[in-house]
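A.B. asks: First, the structure itself, so that you have it in front of you.
The values are calculated or read from the model by the stated rules, or taken from the named source; none is laboratory data. Everything quoted here is computed from the prediction, not taken from an experiment. No Cβ is skipped: glycine too gets one built from the backbone with ideal geometry, and neighbour counts run over all protein chains shown. Quick note on the areas: whole protein, heavy atoms, side chains included, nothing else; ligands and nucleic acids left out. Shrake-Rupley method; radii C 1.70, N 1.55, O 1.52, S 1.80 Å.
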Amino acid sequence: MKKLACPIPRRHFLALTAMAAAACSLPRRLFAASAESAVNSFRIAAATAKITTHKLRGNVSTLEGSGGNIAVLTGSDGKLLVDAGITASRRALSEALANISSDPVTHLINTHWHFDHTDGNEWLHFIGAEITAHENTRKHLSETTRVDAWNFTFPPSPEGALPTKLFKKEQKLHINETSLVLEYYGPAHTDSDISVYFADTDILHVGDTCWNGDYPFIDYSTGGSINASIRAAEANIARVTDKTIIIPGHGPIANKSNLIEFRDMLVAIREKVSASKKQGLSLAEVVAARPTAAYDAKWGGFFIDGTTFTSLVYAGL
Ligand SMILES: [Zn+2]
């Protein structure tokens with residue numbers, strides 16, 4: 001179940017930060033030619049991505065392979081999706097959705113504003129989805145938004161891609177005889193992250209506040225930080241039991257022990273980097289000391305390597 005789908009986008013993601021280096025044999029040329037093209041490359045690669053469906057519990061499934069993990073709730077009110085994947089995967093996603101059930105898509109929730117979770121908003125809205133999100137998701141999608149670490153400037157999204165049902169702290173929905181609780185984390189991986197809890201089946205989509213088996217990206221450009229990411233990781237642990245099924249933003253389906261392992265990794269690396277920074281070490285010196293060495297084999301193989309993650313942590317301390 002781990003890391004099967006879409007290796008190319010994962011590799012491309014590596015190049016989305018200036019510090020990205022090793023761990024990847026593929027088209028670094030492509031990025032060298034134009035750093036601005038990395039997000040576009042990710043989108044293009046999604047055109048041929050394989051979509052894998054995992055049935056979870058009750059009427060909830062996930063689709064893996066186009067951007068972040070997509071949750072799907074089926075029923076007579078129509079399908080509800082959590083996150084939209086990449087537009088170029090529309091055909092494969094449509095097929096996967098049709099294979100789950102014939103219900104039309106009527107609702108979409110965005111866990112946060114990042115393109116790998118919202119790129120498909122416009123076509124999903126076009127086929128009938130009302131889009132719900134935190135107000136900061138709409139704000140970032142509405143404006144020209146620069147992500148420095150990706151060296152990319154996102155233009156304002158078209159009207160049809162914008163969430164229209166907005167909230168600040170908490171939003172409850174009742175769809176397909178299922179109670180859903182949407183909760184804002186406060187600043188975390190960005191300043192727009194929410195969790196989506198399927199109460200009846202005890203399934204929690206945590207968006208990019210957990211990357212199960214990969215170092216996470218931290219988006220300082222739109223309000224994220226390492227400390228806030230750790231606070232969100234703590235909040236996730238506090239609200240689940242050993243029975244809760246957790247859908248991470250990226251990586252395989254998780255349980256509580258995976259959340260704990262993720263939090264412990266974040267805390268351990270923050271402590272190492274923080275101690276070095278307090279001694280006055282520069283970023284280059286901290287990177288050279290390899291504070292992530294003990295973690296790279298497990299966490300550094302795909303999206304973000306140890307060097308990149310060290311620089312993301314260093315930036316926030
Ligand atoms: Zn994200």
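A.B. asks: With each pseudo-label sitting 7 Å past Cα toward Cβ, what's the residue 91-residue 126 distance in nm, one decimal?
C.D. replies: 1.5
A.B. asks: Further, regarding this structure: Give me a comma-separated list of calculated 3J(HN,Hα) values for segment 55-69, in order, Karplus coefficients 6.51, -1.76, 1.60 applied at θ = phi - 60°, integers in Hz, x for any Gly or Pro.
C.D. replies: 7, 9, 8, x, 9, 10, 10, 10, 10, 10, x, 10, x, x, 4
A.B. asks: If ligands, DNA and RNA are left out, what is the accessible area of residue 220 with a 1.4 Å probe, given in Å² to the nearest 10?
C.D. replies: 80
A.B. asks: For segment 107-139 and segment 286-302, write down the distance between their C-alpha centroids in whole Å.
C.D. replies: Distance between centres, Cα-based: 34 Å.
A.B. asks: Ranked highest first by average number of other Cβ atoms within 10 Å, how do 262-271, 128-137, 164-173, 108-117 line up? Write out the running numbers ahead of the final one.
C.D. replies: Values: 262-271: 18.7, 128-137: 21.8, 164-173: 13.6, 108-117: 27.3.
Most protected by this proxy first, the peptides run 108-117, 128-137, 262-271, 164-173.
A.B. asks: To test your reading of the geometry: what angle, between 0 and 90 degrees and rounded to tens, separates the Cα axis of helix 256-278 from the longest principal axis of the chain?
C.D. replies: On a 0 to 90 degree scale, this one is about 30.
A.B. asks: Helix 90-100 versus the longest principal axis of the chain: what is the Cα-based angle in degrees, 0 to 90, to the nearest 10?
C.D. replies: Roughly 60 degrees between the two axes.
A.B. asks: So if the hydrodynamic radius of the chain is defined as the Kirkwood radius over C-alpha pairs, what does Stokes-Einstein give as its diffusion coefficient at 20 °C and 1.002 mPa s, in µm² per second?
C.D. replies: On the way: Rh = 19.5 Å.
So the translational diffusion coefficient is about 110 µm²/s.
A.B. asks: Now for a different question. Pull up the DSSP beta bridges for the chain and report the antiparallel fraction as a percent, rounded to 5. Please list the in-between numbers first.
C.D. replies: On the way: 30 of 45 bridges.
That works out to approximately 65 percent antiparallel.
A.B. asks: Continuing with the same structure: Viscosity 1.567 mPa s, temperature 4 °C: give me the Stokes-Einstein translational D for segment 196-268 in µm²/s, with Rh taken as the Kirkwood radius over C-alpha pairs.
C.D. replies: On the way: Rh = 12.2 Å.
Approximately 106 µm²/s, per Stokes-Einstein.
A.B. asks: Scan around residue 154 for amide H atoms under 5 Å from its own, H built in the peptide plane at 1.01 Å from N, and keep only partners 5 or more places away or cross-chain.
C.D. replies: Sorted by chain and number, the residues that satisfy this are 145, 146, 147.
A.B. asks: Next question. Going by alpha carbons, how many degrees (0 to 90, nearest 10) lie between the helix axis of 226-239 and the longest principal axis of the chain?
C.D. replies: 40
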